[in-house]
Amino acid sequence: MEPNAGPWTIEMLARNGEVLHRYRAARLPIRVGRAYDNDFIVDDDYAAAHHVEIDADPSGALVLRDLGSRNGVVHAGRRVQQVVMQGDTVVRMGHTSLRVRAAGFPVAPEMFDRTMHGWEGLLPGAAGVLLAALVALLVAWLLDAQPFELLYYVQAPAWGIGAALLWSSLWAFLNRLFGRHARLGRHLFIFGCGVAALVGVRLLASVVAYAGSFEWLTRYGSHAAVATVAGIIYFHLATIRPPLRRRLRALCAVAALVGSSLVLIANEQRHGRTADELYMPVLLPPQVRASPDATVADYMGSVAAMRAGIDAERAGHADEGGN
């Protein structure tokens, strides 16, 4: 089959390159415009009644010609009188973008389906909502230092469910806009698993830090939270654009590094240290402790060292003020 042999397909494109409409023509020439006697009719007030004509030149190449329209034909940012249509050539007439492909135009190979359809729908969505409600209830119980109030424990899961629906609906809208399907259940499941991982990592870090005296786990725990949030966003984006998983992983990794850097800068500006906390603010039952307790002498020595550093810093500020 010749590369430009018919029938020919005219494709109207959206701004993101997706095909909005297709028309198949069996013969040439093909006239395009708003008038009803055209072969391909466009609903565009900025297109002429008879805007362009597509025909083969003596060499057999498909050529699109302007028929004297007011707004003309734009290709590669320039207005042209005619342009050779090579399958991937996109032209704009008025507010309409289109291309023409012959029957022999090669198509890309079939993509491997990585959309994981089993992890979407009503059941995963309900699981995500339930996870969000349980996590909100757990956080409310951990932070509750007041006498028991039923309303408090009713509002907590309601807030969790509301946050899940709001967050996931936004991603479902983007999924519908850029991926043709909303997939709300999948986004709800991602949100539920994400908040569970976020709270779980925070609690596990606190327990391990207290048990083994690993103060750095709490002092720099916000970086684990940043990485978890980046992971949540990655799974949302990968749901919308599965073929771009590798690029999305790199993008989210860079975003996590930038977020961690901003946390370090904010900590330094706030209290002069890159750590989130000046000390480990975790108190758990003594039975959780696995490392030996420090002696009073060791504690007093660390306090003395801390005091010396504070005094030196204070003296430095006093010298700056005197100057």
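Being in contact (Cβ under 8 Å) with a residue 40 or more places away in the chain and surrounded by 14 or more Cβ atoms within 10 Å (Cβ to Cβ), is that true of even one residue in the stretch 140-150? Within the stretch 140-150, none of the residues are in contact (Cβ under 8 Å) with a residue 40 or more places away in the chain and surrounded by 14 or more Cβ atoms within 10 Å (Cβ to Cβ).
Under the condition of being outside any helix (DSSP H, G or I) and hydrophobic (A, V, I, L, M, F, W, C), which residue from the stretch 177-222 is nearest to the chain's Cα centre (by Cα)? Per the stated criteria, the residue is A182. Restricting attention to the stretch 238-275, the residues being polar (S, T, N, Q), buried (at least 17 other Cβ atoms within 10 Å of the Cβ) and more than 11 Å from the chain's Cα centre (by Cα) number 2. Contact map, the stretch 214-226: first residue of a type in the set (K, R), second residue outside any helix (DSSP H, G or I), Cβ cut-off under 7 Å, separation 6 or more or different chains; pairs are R219/A275; R219/D276; R219/E277.
Do we find a residue being out of contact with any Asp or Glu (no Cβ under 7 Å at 6 or more places or on another chain), closer than 30 Å to E215 by Cα, assigned to a loop (DSSP other than H, G, I, E, B) and assigned by TED's automatic domain parsing to the domain that holds T239 anywhere in the stretch 145-162? Yes, there is a match, as at least one residue in the stretch 145-162 is out of contact with any Asp or Glu (no Cβ under 7 Å at 6 or more places or on another chain), closer than 30 Å to E215 by Cα, assigned to a loop (DSSP other than H, G, I, E, B) and assigned by TED's automatic domain parsing to the domain that holds T239.
No other residue among L137, L98 is closer than 30 Å to G185 by Cα and within 30 Å of the chain's Cα centre (by Cα) apart from L137.
Tally the residues that are over 11 Å from L67 (Cα atoms), among the β-branched types (V, I, T) and either in contact with a His (Cβ under 6 Å, 6 or more places away or on another chain) or surrounded by 16 or more Cβ atoms within 10 Å (Cβ to Cβ) (or both), restricting the search to the stretch 31-53. Summing the residues that are over 11 Å from L67 (Cα atoms), among the β-branched types (V, I, T) and either in contact with a His (Cβ under 6 Å, 6 or more places away or on another chain) or surrounded by 16 or more Cβ atoms within 10 Å (Cβ to Cβ) (or both) in the stretch 31-53 gives 1. Filtering the stretch 163-183 to residues that are surrounded by fewer than 14 Cβ atoms within 10 Å (Cβ to Cβ) and closer than 14 Å to P242 by Cβ leaves F178, R180, H181. Condition (residue is assigned to a strand (DSSP E or B), over 21 Å from A14 (Cβ atoms) and among the acidic types (D, E)) applied to the stretch 32-45: is it met by at least one residue? No: the stretch 32-45 contains no residue that is assigned to a strand (DSSP E or B), over 21 Å from A14 (Cβ atoms) and among the acidic types (D, E). Between D66, D113, the distinction of being in the same structural domain as P29 (by TED's automatic domain parsing) and not basic (K, R) belongs to D66 only.
Screening the candidates A56, A76 for the property of being surrounded by fewer than 18 Cβ atoms within 10 Å (Cβ to Cβ), among the small types (G, A, S) and more than 15 Å from S97 (Cα to Cα) yields one hit, A56.
The values are calculated or read from the model by the stated rules, or taken from the named source; none is laboratory data. Just so it is clear, the structure is predicted and the values come from calculations on it, not from any experiment. As a convention, Cβ positions derive from the backbone with ideal geometry for all residues, glycine included, and neighbour counts pool all protein chains shown.
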